[in-house]
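Report on one structure; see the data block that follows.
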Ligand SMILES: NC(=O)c1ccc[n+]([C@@H]2O[C@H](COP(=O)([O-])OP(=O)(O)OC[C@H]3O[C@@H](n4cnc5c(N)ncnc54)[C@H](OP(=O)(O)O)[C@@H]3O)[C@@H](O)[C@H]2O)c1
């Protein structure tokens, strides 16, 4: 069968032949792939830079997708670790790591949205003690995961959602209650806006890390309205840098709780147990996310476009 195949970590996958495994497990089935999302996590899987990567090549990238099963149902699935990912004409779907989708679900929308939406959904439901009525700040709100985090926080009952990121006009279109643009010339004004926005937030969902996280902590912590109010800062993505200088006083001066949310820090069983509820919401029209379908045979073009695409690219065999 044909698949996107990575043979070297320093070049994009190519549309080539890849063998299907001859042995499959008791809960597994060979299924026809309908759509697979090209998420940042897939880019880092394919260039070997993700923290779970091994040096084993060749591999077919893709961590999730939508597949047609032998019984005709469509399932959203999360791929097990191994050489065969979801960016192939066929793949192995483990029924325990997948959920049946409504018959009228849009597979492109599901493949585009489940991974970025899961990042905030799991963080709020499984990683911290989030309660309806709390105030959420999304740091890095303009990406697919950040845009969905605004909608997920609202869906789960957040009282006020603040969107922080680059591009005032783009931020204004995201439907948040408050916005703070990080890309102005006046650092003092940005710090003042961050301080005001962070005065009484309960939760920060952080997709940036690097310098912006350091800047935000330095701005927010000294200006908290009430130092006794807990602040859960959840590290989810690192598009602005893998490392961030955390001011030591931030951890002493307020009730700051710094945690991460992702593969490893949230048990796999917890992530899997959230799939069904999230798939129902994503299948409906509650969340909006721009997605663009690209034929699997054009995988090399998709790889070149993905890092700067504002739409989530979805490969379609
Ligand atoms: N832990 C988890 O469970 C989990 C799950 C899904 C995703 N993630 C991670 O979350 C991050 C975001 O994923 P995504 O799917 O949203 O990616 P994406 O759609 O590619 O969006 C990335 C966004 O980051 C913004 N950005 C980059 N550098 C920035 C900076 N210095 N300051 C402000 N904004 C900056 C870009 O902003 P512009 O629009 O201004 O270019 C872009 O909108 C990635 O690191 C991904 O790996 C984690």
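Taking a point 7 Å from the Cα of residue 183 along the Cα-to-Cβ direction, the residues of region 197-227 with backbone N closer than 17 Å to it are 207-209, 211-213. With contacts taken as Cα pairs under 8 Å at a separation of at least 6 residues, the chain carries a relative contact order of 19 percent. Taking the alpha-carbon centroid of each part, what is the distance from region 248-317 to region 111-163 in angstrom? Comparing the Cα centres of region 248-317 and region 111-163, I get a distance of 11 Å. The residues 51, 207, when put in order of fewest to most other Cβ atoms within 10 Å, stand as 51, 207.
Is region 115-260 rounded, prolate or oblate when judged by the Cα gyration tensor, a ≥ b ≥ c being the square roots of its eigenvalues, rounded requiring a/c under 1.5 and prolate requiring a/b larger than b/c? Rounded is the answer for region 115-260, as its axis ratio a/c remains below 1.5.
Mean projection of the Cα convex hull over all viewing directions, computed for region 91-162: 6.2 nm².
Normalised by 2.2 N^0.38 Å, where N is the number of residues, the C-alpha radius of gyration of region 78-201 stands at 1.30. A Förster distance of 25 Å, applied to the separation of the beta-carbon atoms of residue 258 and residue 288, puts the FRET efficiency at 0.25.
For residue 225 and residue 55, the difference between the fully extended length at 0.36 nm per residue and the C-alpha to C-alpha distance is 56.3 nm.
Once the Cα-Cα distance is subtracted from the 0.36 nm per residue extended length, the residue 199 to residue 70 segment shows a gain of 41.1 nm.
Taken over the alpha carbons of region 233-274 as equal point scatterers, the Debye sum produces base-10 log I(q)/I(0) values at 0.14, 0.20 Å⁻¹ of -0.46, -0.78. Cβ crowding within 10 Å, taken as a proxy for footprinting-reagent exposure, orders 74, 87, 114, 1 from fewest neighbours to most as 1, 74, 114, 87.
Only helices enter the 222 nm calculation for the chain: every DSSP H run of n ≥ 4 contributes -39,500 (n - 2.57), and dividing by all residues gives -8500 deg cm²/dmol, rounded to 500.
The eigenvalues of the Cα gyration tensor, multiplied by 5 and square-rooted, give region 188-281 an equivalent ellipsoid with semi-axes of 27, 15, 13 Å from largest to smallest.
You can think of it this way: the chain between residue 30 and residue 104 has 24.4 nm of extra reach, that is 0.36 nm per residue less the Cα-Cα gap. Antiparallel beta bridges, as assigned by DSSP with both residues in the chain, represent about 45 percent of the total such bridges. Scaling against 2.2 N^0.38 Å puts the C-alpha radius of gyration of the chain at 1.02.
Where a number appears in this text, it was derived from the coordinates with a stated rule and is not lab data. The structure displayed is predicted, hence computed values, not measured ones. Glycine gets a Cβ as well: all are built from the backbone with ideal geometry, and neighbour counts include every protein chain shown.
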